[in-house]
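Asks: Below is the structure I would like to discuss, written out as structure tokens.
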Amino acid sequence: MIRVVLPQHLRTLAGVEGEVSLDAQEQPTQRTVLDALEAAYPTLRGTIRDHGTAKRRDFIRFFACGRDITLDPADDPLPEAIASGTEPFRVVGAMAGG
């Protein structure tokens, strides 16, 4: 199982509390985790990634094992701690402004 932590506004949209769990059918990558997340929670489609291009939306960041992996290739394998469910994959809504 892959554990995913979403920011509050996406948890509200998806109708979940706390973290969500997804089945890991293969070696997890950013792409496969987000595909599974959008399949399990269709209301999230288009909120994390663009509908047409599947590119990450601005002001969304991804973290694995305390490391920002946002700019890593989407098909790179995630760390074993994520794959085993020991650590969660985190989706973070970044803030901007001053």
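The values are calculated or read from the model by the stated rules, or taken from the named source; none is laboratory data. Every value quoted in this text rests on a predicted model; they were computed, and no experiment measured them. Quick reminder, even Gly has a Cβ in these numbers, built from the backbone with ideal geometry, and neighbours come from all protein chains shown. Note: accessible area is taken over every heavy atom of the protein model, side chains too, but ligands, DNA and RNA are not part of it. Shrake-Rupley method; radii C 1.70, N 1.55, O 1.52, S 1.80 Å.
Asks: Out of the range 54-66, which residues are assigned to a loop (DSSP other than H, G, I, E, B) and of a type in the set (A, V, I, L, M, F, W, C)?
Replies: Step one: of the range 54-66, the residues assigned to a loop (DSSP other than H, G, I, E, B) are 54-55, 57-59, 65-66.
54, 59, 65, listed by residue number.
Asks: If you go through the range 57-98, how many residues are among the basic types (Lys, Arg), open to solvent by 80 Å² or more (accessible area, probe 1.4 Å) and modelled with pLDDT of 95 or more? Walk me through how you get there before you give the answer.
Replies: Residues of the range 57-98 among the basic types (Lys, Arg): 57, 61, 67, 90.
From what's left, open to solvent by 80 Å² or more (accessible area, probe 1.4 Å): 57, 67, 90.
Still in the running and modelled with pLDDT of 95 or more: 67, 90.
Summing the residues that are among the basic types (Lys, Arg), open to solvent by 80 Å² or more (accessible area, probe 1.4 Å) and modelled with pLDDT of 95 or more in the range 57-98 gives 2.
Asks: While we're on this one: Assigned to a loop (DSSP other than H, G, I, E, B), open to solvent by 70 Å² or more (accessible area, probe 1.4 Å) and without any contact (Cβ under 8 Å) to a residue 60 or more places away in the chain: is that true of residue 47 in this structure? Talk me through it step by step, then tell me what you get.
Replies: On the way: assigned to a loop (DSSP other than H, G, I, E, B): yes; open to solvent by 70 Å² or more (accessible area, probe 1.4 Å): no; without any contact (Cβ under 8 Å) to a residue 60 or more places away in the chain: yes.
Against the criterion (assigned to a loop (DSSP other than H, G, I, E, B), open to solvent by 70 Å² or more (accessible area, probe 1.4 Å) and without any contact (Cβ under 8 Å) to a residue 60 or more places away in the chain), residue 47 does not qualify.
Residue by residue, here is whether (1) of a type in the set (A, V, I, L, M, F, W, C); (2) on the phi > 0 side of the Ramachandran plot; (3) outside any loop (DSSP other than H, G, I, E, B); (4) surrounded by fewer than 17 Cβ atoms within 10 Å (Cβ to Cβ) holds:
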| residue | (1), (2), (3), (4) |
| --- | --- |
| 3 | no, no, yes, no |
| 13 | yes, no, yes, yes |
| 17 | no, no, no, yes |
| 21 | no, no, yes, yes |
| 26 | no, no, no, yes |
| 33 | yes, no, yes, no |
| 37 | yes, no, yes, no |
| 51 | no, no, no, yes |
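Asks: Residues that are within 12 Å of the chain's Cα centre (by Cα) and closer than 23 Å to residue 96 by Cβ: does the range 12-29 have at least one? So that I can check it myself, show each step before the final result.
Replies: Taking the range 12-29 and keeping what is within 12 Å of the chain's Cα centre (by Cα), we get 19-22, 28-29.
The next check asks that each one be closer than 23 Å to residue 96 by Cβ; those that pass are none.
Checking the range 12-29: not a single residue is within 12 Å of the chain's Cα centre (by Cα) and closer than 23 Å to residue 96 by Cβ.
Asks: For the range 67-88, how many residues meet the condition of being outside any loop (DSSP other than H, G, I, E, B) and either more than 15 Å from residue 31 (Cα to Cα) or in contact (Cβ under 8 Å) with a residue 60 or more places away in the chain (or both)?
Replies: Qualifying residue count for the region: 6.
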